[in-house]
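Engineer: There's a structure below that I have some questions on.
The values are calculated or read from the model by the stated rules, or taken from the named source; none is laboratory data. It should be emphasised that the depicted structure is a prediction, and the values quoted were computed from it without experimental measurement. Backbone-built Cβ (ideal geometry, glycine too); neighbour counts: all protein chains shown. The protein model used for the area step is the full one, side chains on, heavy atoms only, and it has no ligands, DNA or RNA in it. Shrake-Rupley method; radii C 1.70, N 1.55, O 1.52, S 1.80 Å.
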Amino acid sequence: PARDPQHMIDDMRAVNFDLSCTLEENRRLGEERQYLAAIVASSSDALIARTNDGLVSSWNRAAEKMYGYTADEVMGKPVANLAPSTKMGDADGIARRLERGESVSQYETTRRRRDGSEFHVSISAFPVRDSSGKLVGTSAIVRDITERRLAEEKLRTMQSELVHLSRWNTMGMMATALSHELNQPLSAMVNYINAARRTLSRAVDPAMARTIAYLDSAVEEAKLASGIIRSLRDFIDKREAGRRPEEINNVVEEAVSLSLLGVSGSRLRTQMNLAPGLPLVTIDKVQIQQVLLNLIRNAIEALHGNPAGCLKIATGINEAGDVTVRVSDNGPGLSPEIAARLFQPFTTTKDKGMGVGLTISQSIIEAHGGHIRVEPVAPSGTSFHFNLPAAEAASE
C-alpha cells in the first residue's frame, strides 16, 4: 500500500532517536561496568562470587593473594573447598542463609590457603538477584583479620601478665611485711616456750614429760614458721636460697610428722611407701618441706569427715633419673574446671583459702628444676606428684 512520505520520515526519526538512546545507554553501562571492574580488581579485600550451585564465578586479585589460588584454578570449582574441614559446618550454614535471601555481616571464622595453612577472616556476604528479582548467586567480601586477632591476643596476654605481675608485687610486699612483723614475735615465742620448758623440767610430776614434749613440738613449729616466712621472702625477692644435698625420704618424713600434728586422734589412715636407695637431691630443705606441708594439709582437708579417708605418700625415681614424690588422697577429687587452673594464683576450693599455696609450690619446684602435676585418682581422689633432679644431674 501507498505510504505517506511524511509518516515515513517521522518513523525514521523515531528509529534514529531510539538507536541514539540505546547507544548512549550502552556507553554509560559500559563505563559503569569498567568502573566496578576497576574497584573489584584494586580492592584489598577478596571479592568472591558464587553461583546458586556453590561454584566460584568471580575471583579478584586480592583473593589470589589471600588464598594462593589463581582465578583459573578456582573458577567453576566449589567455594566450599576454601573452608578447612573443621569449618565445613559454618560454611554450609552461611550458604543456607544466603540461599534464603539473607545477608551475612562480618562473620568471623577461618579459611584455608593453598599451602594448607589456616587464617582468620571476616566475611560479609549477600545474595545477588537479576532484574526480575530471581536469585542468581551470591557475592562475598572476605577480609584477612589474622594480624588483628594476633594483636588482640597479644593485648590480652599483656593484660593478663600485668594483672599477674601486680598480684605478685602485692604478694612480695605482703611477704616482706609479714617477715618483718612476725619474725620478732615468733622468736619471742620460742624464747618463752624454752623458758617454760626449763621451768617444768624441774618439776617431779610424771605428766610433765608429756607437757615438755608438747612444748618441744611447739618450738619446732615456730622455727618452721619462721623459716618458711624467711624462705618465701627470699624466693619472692629472687635471692638465692641455700641449697645442699639432702635425702628426700628424710625430708618427707619430717614434713609428714609436722603435718600430722593435731590430727593423730582422727580416723585418718596414712600410708607411706618410701623407696630405699634414692639419690640425693640438691634442694632448699625448708622450701621443699613447705611444698610438702601444703600438699599434705590440702589432702587432709579433702578427707575431713571421710571415715575411710586415706593419705598416701610415696617416693621413687622415674625413667629420667629424677627423684619423685607423690601425695594422694581418696577424697572427693577436683572438678575439671578447677583442675585446669589449679596452679593459677587465687584459685581455691576452700571457703577461707587465698588460693596462692599451689602457685607458690609450683614456683618453688620449677625453681629447683622440677615439675609438679595433678591428676585424678580412680574411683575418687586426687594425686599431686613432683620430680626433682638428682644431685649429680643438678650439678651437671
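Engineer: Within region 348-371, how many residues turn out to be modelled with pLDDT under 90, open to solvent by 80 Å² or more (accessible area, probe 1.4 Å) and over 20 Å from L311 (Cβ atoms)?
Structural biologist: Matching residues across region 348-371 total 4.
Engineer: Please count how many residues of region 74-112 are modelled with pLDDT of 85 or more, out of contact with any helix residue (DSSP H, G or I) (no Cβ under 9 Å at 6 or more places or on another chain) and part of a helix (DSSP H, G or I).
Structural biologist: Counting residues in region 74-112 that are modelled with pLDDT of 85 or more, out of contact with any helix residue (DSSP H, G or I) (no Cβ under 9 Å at 6 or more places or on another chain) and part of a helix (DSSP H, G or I) gives 0.
Engineer: For V291, state whether it is open to solvent by less than 30 Å² (accessible area, probe 1.4 Å), at pLDDT 80 or above and farther than 22 Å from G369 by Cα.
Structural biologist: Criteria not met by V291.
Engineer: Restricting attention to region 321-339, which residues are in contact (Cβ under 8 Å) with a residue 40 or more places away in the chain and farther than 13 Å from H385 by Cα?
Structural biologist: G321, N330, G331, P332, G333, L334
Engineer: Which one of the conditions (1) touching a helix residue (DSSP H, G or I) at 6+ places or on another chain (Cβ under 8 Å); (2) open to solvent by 30 Å² or more (accessible area, probe 1.4 Å); (3) not in a strand (DSSP E or B) does E152 fail to meet, given that it meets all the rest?
Structural biologist: All conditions pass for E152, except number (1).
Engineer: Please count how many residues of region 44-65 are more than 15 Å from S124 (Cα to Cα) and open to solvent by 20 Å² or more (accessible area, probe 1.4 Å).
Structural biologist: 10
Engineer: Of all residues being open to solvent by less than 60 Å² (accessible area, probe 1.4 Å) and modelled with pLDDT of 85 or more in region 262-274, which is nearest to D329 (Cα to Cα)? Just the residue, please.
Structural biologist: T270
Engineer: Within region 372-396, work out how many residues are modelled with pLDDT of 85 or more and more than 22 Å from R244 (Cβ to Cβ).
Structural biologist: Residues that pass the stated criteria total 9.
Engineer: Then there is this: Mind checking which pairs have a first residue in region 245-261 that is open to solvent by less than 40 Å² (accessible area, probe 1.4 Å) and a second that is among the basic types (K, R), Cβ under 8 Å, 6 or more apart or different chains?
Structural biologist: That search, which allows pairs on different chains as well, returns E246/K285; V251/K285; S259/R297.
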